[in-house]
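**Q** To start, I am sharing the structure in question, which I have written as structure tokens.
The values are calculated or read from the model by the stated rules, or taken from the named source; none is laboratory data. Bear in mind that the values here come from a model prediction, so they are computed numbers and not experimental data. No Cβ is skipped: glycine too gets one built from the backbone with ideal geometry, and neighbour counts run over all protein chains shown.
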Amino acid sequence: MLLGRVSQAFNSVFRRSIHQSRRLNQAMGIDGNNILAESLKKQGIEYVFGIVGIPVIETSMAFQSVGIKYIGMRNEQAACYAAQAIGYLTGKPGVCLAVSGPGLLHCIGGMANAQVNCWPLLMLAGSCPEDHEGIGGFQEWLQVESSRLYCKYAARPPSPRLIPLHVEKAVRYASAGRPGAAYLDLPATLLTGEVDEDKVPLDFYNAGPPSLAYPNPALVDRAAELLAKAERPLIIVGKGAAYGHAEDAIRKLVDNTRVPFLPTPMGKGVVPDSSEYCVSTARTQALLKADVVVLLGARLNWMLHFGQPPRFAPDVKIVQVDISPEEFHNSVKSEVAVHSDIKPFVEALTDRLAQKKFAVSTNNAWWKGLKEKQKKNTEFVESQANDTSLPLNYYAVFKTVQANIPADSIIVSEGANTMDIGRGMLSNNLPRHRLDAGTFGTMGVGPGFAVAAALWCRDHAPGKRVICVEGDSAFGFSGMEIETMFRYNLPVIIIIVNNNGIYNGLDAETMASLREAGDPATCSPPTSLSTEVRYEKMMELFGASGHLCRTVDEIQAAVKASLAVTDRPSIINILISPQANRKPQTFNWLTESKL
Ligand code: ADP
Ligand code: MG
């Protein structure tokens, strides 16, 4: 109660002072901070994540004064991850705000992650006053140059008057075509510089979302002909399809044609994992044997084994659909390459295939082979999952988690085994409901992504939960964001699958004896972390308590109790066998091409 009143009082004083300063500025003109805030608002920006300091404190307040939500985080990298995740979830760039020098440099990994994942992000950083440049200014750094490699567009608006045009351009670059990162550099002198408000194009246009790219009908025909002749067709659904909101179209294509489909990790949920046409449990076989692959918004990079033998048939024919024609024929030549948004292409293809009365029989040899494989693989996983001997293995943990979380939860996940095994065991039946380490394989993204997802739920899907499934090593990268989750009352459920290390760890006794053998810097295995770390006790920093689990029953109880908490995060720390592993794989996960 008391706290509520104090914060209300603070809020009103704080807002009054912003408005007063705005009014004062208006009398003389408008400064860069307020021009920037108005420009972002005009471009429809809803969320800014960041860490403030000189020279962007007033900037963040100016954002709030126009109704933009500002979320202060604990590490700039995590802020940058949160901003790009909100970009992926909303289709509008999320903004990350950082201070000069080290602040911006801490965001470089985040910008690269957004570029590699093709997610829209607008990075903003303060920089040293222009009249201190070259003479050793505070946190002086070549920020535009440093950002250029990690962005589609990087610039410094040359005057306050040009800020609206630069913001529009940066938002356009981040969102148009293949989405990615854009950077605007904001010297202190630009932010505080004042100009006559009449001379600033504050009402500069907002182009709205990029217009859809439609496919060339002749290419749709060729794709339909190829599919109609295929003996072993396969659809691969990537995160481009998720980003492009192609779910209704692809569901109809799959249901009408009964072509088996495979989602990529973040393509999961575009068509529900529960669909009878999903062949994730026979992934290796499906990739290896397919004679025609329709690739919808995914790249033939390491995640799809470059589209090459030994993981794909040497004569496989690929129908590649992408918003970015630069991607065509990368690593293998596609038979048909269609420059199009996924949605209109799939709608046109479905119509064309219906005219041809094309549908696959689920009793043909292709489907029979896949189903056999699915049965065999599922049996193996089930046997592991039903083995509840202690310490637990991954499969038993994930089976229990899956059985106890709401089916429509957003799953955020990172870690090595934790992410890989969890991808198979935790279902997604809705699009854009899985956020993970992605194409760049970045560790440390989880808590930032979870902050963004929880905000998105609060504003767009109240009641929906975010389950953040972390390896113990992965959690360590950005674990302090738990404080951010507390501050903004975000009910993220963090589940730490704790095996005392990276990939694998050691049990307490072995670890102790190794450490006693000599200097831990030379004796402690680089993949090992401290054993049985009580991560759940981080909750006590905030006057709450977490959950330590060793058994299936404890996990069940902890998930239930955490679901009942709706105004703060929860931590469930699950101690598993440090030697627990994945099921044996036919191929090494990074099998190289033999071409
Ligand atoms: P995944 O991780 O699922 O394999 P990738 O990130 O490799 O996916 O590939 C996503 C692809 O989707 C990129 O090549 C990108 O250009 C493309 N893409 C993004 N949005 C769209 C869209 N709306 N329509 C078509 N392709 C898209
Ligand atoms: Mg681990």
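**Q** How about the stretch 216-238: which of its residues are touching an Asp or Glu at 6+ places or on another chain (Cβ under 8 Å) and part of a loop (DSSP other than H, G, I, E, B)?
**A** 230, 231, 232 - these are the residues of the stretch 216-238 that are touching an Asp or Glu at 6+ places or on another chain (Cβ under 8 Å) and part of a loop (DSSP other than H, G, I, E, B).
**Q** Taking the residues in the stretch 211-232 that are within 19 Å of residue 178 (Cβ to Cβ) and exposed (fewer than 15 other Cβ atoms within 10 Å of the Cβ) as candidates, determine which candidate is modelled with the lowest pLDDT.
**A** 211
**Q** Of all residues in the stretch 269-291, which are farther than 17 Å from residue 362 by Cβ and either within 16 Å of ligand 2 (Cβ to nearest atom) or in contact with an Asp or Glu (Cβ under 9 Å, 6 or more places away or on another chain) (or both)?
**A** Hits for the stretch 269-291 are 269, 270, 291.
**Q** Quick one: what pairs do we get from the stretch 302-321, first residue touching a residue at least 60 places away in the same chain (Cβ under 8 Å), second among the basic types (Lys, Arg) and away from ligand 2 (no atom under 16 Å from the Cβ), C-beta under 9 Å, 6+ apart or different chains?
**A** The qualifying pairs are 304/311; 305/311; 308/594; 309/594; 310/594; 319/222.
**Q** Given the criterion farther than 20 Å from residue 397 by Cα, crowded, with 19+ Cβ neighbours inside 10 Å and more than 16 Å from ligand 2 (Cβ to nearest atom), identify the matching residue among 461, 454.
**A** Of the residues listed, the single one that is farther than 20 Å from residue 397 by Cα, crowded, with 19+ Cβ neighbours inside 10 Å and more than 16 Å from ligand 2 (Cβ to nearest atom) is 454.
**Q** Given the structure, is residue 149 more than 16 Å from ligand 2 (Cβ to nearest atom) and in contact (Cβ under 8 Å) with a residue 40 or more places away in the chain?
**A** In short, no.
**Q** Based on what the data block shows, is residue 237 within 21 Å of residue 331 (Cα to Cα) and either modelled with pLDDT of 95 or more or of a type in the set (Lys, Arg) (or both)? Before the answer, list the steps.
**A** On the way: within 21 Å of residue 331 (Cα to Cα): yes; either modelled with pLDDT of 95 or more or of a type in the set (Lys, Arg) (or both): yes.
The answer is yes for residue 237.
**Q** Here are some conditions: (1) in contact with a Pro (Cβ under 8 Å, 6 or more places away or on another chain); (2) over 23 Å from residue 290 (Cα atoms). Residue 227 meets all but one. Which one does it not meet?
**A** (2)
**Q** Is it the case, given these coordinates, that residue 435 is more than 24 Å from residue 527 (Cα to Cα) and touching a Phe, Trp or Tyr at 6+ places or on another chain (Cβ under 6 Å)?
**A** yes
**Q** Failed condition for residue 313, given (1) over 23 Å from residue 583 (Cβ atoms); (2) hydrophobic (A, V, I, L, M, F, W, C); (3) within 13 Å of ligand 1 (Cβ to nearest atom), with all others met?
**A** Result: residue 313 fails condition (3) only.
**Q** Which members of the stretch 504-522 meet the condition of being within 16 Å of ligand 2 (Cβ to nearest atom) and either surrounded by 14 or more Cβ atoms within 10 Å (Cβ to Cβ) or of a type in the set (Val, Ile, Thr) (or both)? Full working, then the answer.
**A** Taking the stretch 504-522 as the starting set, the residues that turn out to be within 16 Å of ligand 2 (Cβ to nearest atom) are 504-508, 510-511.
Within the stretch 504-522, 504, 505, 506, 507, 510, 511 meet the criteria.
**Q** Also, quick follow-up: How about the stretch 546-561: which of its residues are without any contact (Cβ under 8 Å) to a residue 60 or more places away in the chain and either in contact with a Cys (Cβ under 6 Å, 6 or more places away or on another chain) or under 18 Å from residue 475 (Cα atoms) (or both)?
**A** The first filter runs over the stretch 546-561 and keeps only residues without any contact (Cβ under 8 Å) to a residue 60 or more places away in the chain, leaving 546-549, 553-554, 557-558, 561.
Once the filter is applied, which keeps residues that are without any contact (Cβ under 8 Å) to a residue 60 or more places away in the chain and either in contact with a Cys (Cβ under 6 Å, 6 or more places away or on another chain) or under 18 Å from residue 475 (Cα atoms) (or both), the stretch 546-561 yields 546, 547, 548, 549, 558.
**Q** Another question, if that's okay. Among the residues of the stretch 374-409, what is the count of those that are farther than 27 Å from residue 503 by Cα and surrounded by 14 or more Cβ atoms within 10 Å (Cβ to Cβ)? Step through it out loud before you land on a result.
**A** Residues of the stretch 374-409 that are farther than 27 Å from residue 503 by Cα, as a first pass: 375, 406-408.
From what's left, surrounded by 14 or more Cβ atoms within 10 Å (Cβ to Cβ): 408.
Total meeting the criteria: 1.
**Q** Quickly run through the stretch 413-426 and pick out the residues that are crowded, with 24+ Cβ neighbours inside 10 Å, in contact (Cβ under 8 Å) with a residue 60 or more places away in the chain and outside any helix (DSSP H, G or I).
**A** 414, 415
**Q** Then there's this: List pairs: first residue in the stretch 31-43 and on the phi > 0 side of the Ramachandran plot, second residue at pLDDT 95 or above anywhere in the structure, Cβ distance under 6 angstrom, at least six positions apart or on different chains.
**A** Here the result reads none, with nothing in the stretch 31-43 linked to a residue that is at pLDDT 95 or above.
**Q** Restricting to the stretch 221-246, give me the number of residues that are over 18 Å from the mean Cα position of the chain (by Cα) and either within 16 Å of ligand 2 (Cβ to nearest atom) or of a type outside the set (Gly, Ala, Ser) (or both).
**A** Residues meeting the conditions: 12.
**Q** Could you tell me whether residue 264 is of a type in the set (Ser, Thr, Tyr), near ligand 1 (Cβ under 9 Å from one of its atoms) and touching a residue at least 24 places away in the same chain (Cβ under 8 Å)? Break it down stepwise before answering.
**A** Values: of a type in the set (Ser, Thr, Tyr): yes; near ligand 1 (Cβ under 9 Å from one of its atoms): yes; touching a residue at least 24 places away in the same chain (Cβ under 8 Å): yes.
Considered against the rule, which asks whether it is of a type in the set (Ser, Thr, Tyr), near ligand 1 (Cβ under 9 Å from one of its atoms) and touching a residue at least 24 places away in the same chain (Cβ under 8 Å), residue 264 comes out as yes.
**Q** Does residue 403 satisfy being assigned to a helix (DSSP H, G or I), out of contact with any Lys or Arg (no Cβ under 8 Å at 6 or more places or on another chain) and either more than 16 Å from ligand 1 (Cβ to nearest atom) or without any contact (Cβ under 8 Å) to a residue 24 or more places away in the chain (or both)?
**A** yes
**Q** On to the next question. Quickly run through the stretch 477-487 and pick out the residues that are away from ligand 2 (no atom under 14 Å from the Cβ) and out of contact with any helix residue (DSSP H, G or I) (no Cβ under 7 Å at 6 or more places or on another chain).
**A** Result: 480, 483, 487.
**Q** In this structure, does residue 331 turn out to be of a type in the set (S, T, N, Q) and on the phi > 0 side of the Ramachandran plot?
**A** Against the criterion (of a type in the set (S, T, N, Q) and on the phi > 0 side of the Ramachandran plot), residue 331 qualifies.
**Q** Does residue 260 meet the test of being more than 16 Å from ligand 2 (Cβ to nearest atom), surrounded by 22 or more Cβ atoms within 10 Å (Cβ to Cβ) and under 25 Å from residue 588 (Cβ atoms)?
**A** On the way: more than 16 Å from ligand 2 (Cβ to nearest atom): yes; surrounded by 22 or more Cβ atoms within 10 Å (Cβ to Cβ): yes; under 25 Å from residue 588 (Cβ atoms): yes.
Here the answer is yes, as residue 260 does meet what is asked.
**Q** Oh, and also: Does any residue in the stretch 238-261 that is on the phi > 0 side of the Ramachandran plot come within less than 7 Å, Cβ to Cβ, of a residue that is of a type in the set (A, V, I, L, M, F, W, C) and more than 14 Å from ligand 1 (Cβ to nearest atom) six or more places away or on a different chain, and which pairs are these?
**A** 258/359; 258/360
**Q** Quickly run through the stretch 36-68 and pick out the residues that are more than 24 Å from residue 200 (Cα to Cα) and either surrounded by fewer than 22 Cβ atoms within 10 Å (Cβ to Cβ) or not hydrophobic (A, V, I, L, M, F, W, C) (or both).
**A** Passing the criteria: 50, 51, 52, 53, 54.
**Q** Within the group 434, 423, which residue is basic (Lys, Arg) and away from ligand 2 (no atom under 16 Å from the Cβ)?
**A** 434
**Q** To continue, here is another question. Run down 531, 566 and say which single residue is touching a helix residue (DSSP H, G or I) at 6+ places or on another chain (Cβ under 9 Å) and at pLDDT 95 or above.
**A** 531
**Q** What about residue 527, is it without any contact (Cβ under 8 Å) to a residue 40 or more places away in the chain and either within 16 Å of ligand 2 (Cβ to nearest atom) or touching a Phe, Trp or Tyr at 6+ places or on another chain (Cβ under 7 Å) (or both)?
**A** Spelling it out, residue 527 is indeed without any contact (Cβ under 8 Å) to a residue 40 or more places away in the chain and either within 16 Å of ligand 2 (Cβ to nearest atom) or touching a Phe, Trp or Tyr at 6+ places or on another chain (Cβ under 7 Å) (or both).
**Q** Here is a further query. On the given criteria, is residue 346 within 16 Å of ligand 2 (Cβ to nearest atom) and either hydrophobic (A, V, I, L, M, F, W, C) or at pLDDT below 95 (or both)?
**A** No; evaluated as a whole, the condition is false for this residue.
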